[in-house]
Amino acid sequence: MNITVMGLGYVGSVISACLSKTHHITGVDIAKNKVDLINAGKSAVVEPEIDDLIRDGHMEGRLKGIYDRDYRIDSTDVIIVCVGTPSCLFGEVDLSSLIHVTEFIITLLKETEKKPAVIYRSTVLPGTMKEVVLSLYNKSFSEIDFPIIYHPEFLRESSAIKDFFENPQVVVAPVAGIDADGAENLTKKIYKDIVYRFYCVNIKTAEMIKYLNNTFHALKVAFANEIARICSSEDIDTHSLFRIFMDDDKLNISRAYLAPGFAYGGSCLTKDVKALTLLAQQQHVDMPIVSHIERSNDVHIHCAFQEILESGLNRIGFYGLSFKADTDDFRESAYVKLIENLLGKGKEIRIFDELINLNTIMGKNQEYLVEHIPHISKLLVGSMDELIGHSDLIVLCHYNRKIIDRCKDENSIILMDTTGKLGMEDLSQNIRSLIFA
Ligand SMILES: NC(=O)c1ccc[n+]([C@@H]2O[C@H](COP(=O)([O-])OP(=O)(O)OC[C@H]3O[C@@H](n4cnc5c(N)ncnc54)[C@H](O)[C@@H]3O)[C@@H](O)[C@H]2O)c1
């Protein structure tokens, strides 16, 4: 294939170097010195293994550079856009290069019969491809009869070449002029023999994944450093601590606790986050992330509270009350907090939880429940039927297929899921998600 890479910075250089093993690559940039370097068989960026790829690509006639004003589409099959999207003063994304390069591509497309695919790899916030990029194309063409695809880039500088060839994650979103099958076929032609994990998603998901990844990476670094600061104040060996932490691939370095769902609850997470936050304050160790975890969790409960209030419905049922299914531990249950707030607004609450037995729960567990929901015994019902009979809206705290199907049949009841376990096929006018998924 003849592939043009627009932008010869870190991303564009790596992509040009790697794809030049199997395709003919033209690297285009507004910076003439970067173009000259490519034409001298040299890389414009420092990156392990890139020099050999660029030298070979250049010597074997598969890689060349062109200054942007000299570039014409001619025989191009694919244009890959890799221009920068840096931060402006207050963090807004500077889209000027992206807009400029898009206008440039549009001008060139108008001069040719050729219809190359245009693939955008620059990182942009959700909505940008449709509202900014696609609208430029729509203003210039009555019909978009060439493919436009968004394909976020995940490379890590310093291991970018290795990452490119070793089982990369390929996420694509058809933007215009192509469907999912077409996007998958095009990807296969570009990556050829490389084995990759392929995801075809909608545009906003493709735009968001990069922000999810990078925010999580930044969170991990900052979190580890916060823990290291408190460890240092307590003379704890952070490295041996983190070795044990990271060896736990069941709960720590794992999928556990990472699926969006309802607020956390239960006595352990709640009290331990509180205690560590207090220790940090006492030691004058600044831990902004840890000290805001509880607040973040409360915001999640508050959002659910608001959503229930906004429904305008009065008779609210709760299926489940303990902080998670299959336990009768109510301490610090986020559902108890939600019910407490709703009772304060005069809502008529009923609760069904098969594991509640007011005669057998005791100690702190009982104290917590009675303190937060003093008339709990009057709110409990003995069966799912009773709960359904009472409620205009049911909050699903614990997953149960039977009640989901019952509410599906009873169109007049709204079911709000907090478990995150309902599939898209379950969601409908009256079966909604309370976890903002
Ligand atoms: N660097 C990374 O590790 C990385 C990883 C993944 C994604 N990204 C994203 O990829 C994009 C590119 O990042 P980068 O680090 O390569 O940026 P960069 O600043 O290193 O390179 C951008 C290049 O685009 C060129 N350019 C600007 N306007 C142009 C135009 N109109 N025509 C042709 N070339 C033009 C610039 O001269 C520059 O060489 C950004 O959106 C970035 O967020 C970067």
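Nothing in this text is a laboratory measurement; each read-out follows from the coordinates by a stated rule. Predicted model, so just to flag it, every value in this text is computed and none were measured. Note that we place each Cβ from the backbone using ideal geometry, even for glycine, and neighbour counts take in every protein chain shown.
Here are the numbers for the structure shown:
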quantity	calculated
Given charges at beta-carbon only (K, R positive; D, E negative), |dipole| of the stretch 2-201 in Debye	160 debye
DSSP beta bridge pairing in the chain, given as percent antiparallel to the nearest 5	10 percent
Given charges at Cβ of Lys, Arg, Asp, Glu: the chain dipole, positive-most of Q282, Q306, V395	Q306
Charge dipole (the stretch 1-124, unit charges on Cβ, about Cα centre) - positive-most of A117, G84, G7	A117
Distance (nanometres) between label positions extended 7 Å along Cα→Cβ at M208 and N252	3.0 nm
Where GluC sites (Glu not before Pro) in DSSP loops with at most 12 other Cβ within 10 Å are excluded, longest remaining stretch of the chain	235-424
The stretch 221-284: trypsin sites (Lys or Arg not before Pro) falling in loop per DSSP and having at most 13 other Cβ within 10 Å	K250, R255
Extension gain (nm, one decimal) between A325 and Q429, 0.36 nm per residue minus Cα-Cα	34.9 nm
Cβ-defined net charge surrounding I99, 15 Å radius [Lys, Arg +1; Asp, Glu -1]	-3
Per DSSP, loop trypsin sites (Lys or Arg not before Pro) in the stretch 336-386 with at most 11 further Cβ within 10 Å	K345
Tensor-based shape of the chain (alpha-carbon gyration tensor, a/c under 1.5 rounded, otherwise prolate or oblate)	prolate
Charge context of D193, other residues only, Cβ under 14 angstrom, K/R +1, D/E -1	+3
Cβ-based charge dipole, the chain, positive-most Cα from G265, I194, S412	I194
Net charge contributed by nearby residues that have their C-beta within less than 14 Å of H284 (K/R +1, D/E -1)	-2
Label point distance in nm, L279-E340, each placed 7 Å from Cα along Cα→Cβ	2.5 nm
Nearest 10 degrees, 0 to 90: helix 293-311 Cα axis against the chain principal axis	80 degrees
Calculated [θ] (222 nm, deg cm²/dmol) that DSSP helices of n ≥ 4 give over the chain, each run adding -39,500 (n - 2.57)	-13000 deg cm²/dmol
Sparse-neighbour loop sites [trypsin sites (Lys or Arg not before Pro); the stretch 54-100; at most 14 other C-beta within 10 Å; DSSP]	R72
Charged-residue dipole, Cβ positions (Lys, Arg, Asp, Glu), the chain about Cα centre, Debye nearest 20	420 debye
Efficiency of FRET between N357 and S135 - r from beta-carbon atoms, R0 56 angstrom, step 0.05	0.40
Folded to 0 to 90 degrees: helix 203-233 orientation relative to the chain principal axis, Cα	70 degrees
Nearest 10 degrees, 0 to 90: helix 363-372 Cα axis against the chain principal axis	80 degrees
Cα centroid separation, the stretch 260-324 to the stretch 338-400 (Å)	19 Å
Where chymotrypsin sites (Phe, Trp or Tyr not before Pro) in DSSP loops with at most 13 other Cβ within 10 Å are excluded, longest remaining stretch of the chain	258-435
Relative contact order of the chain, defined on C-alpha pairs under 8 angstrom at six or more residues apart (%)	9 percent
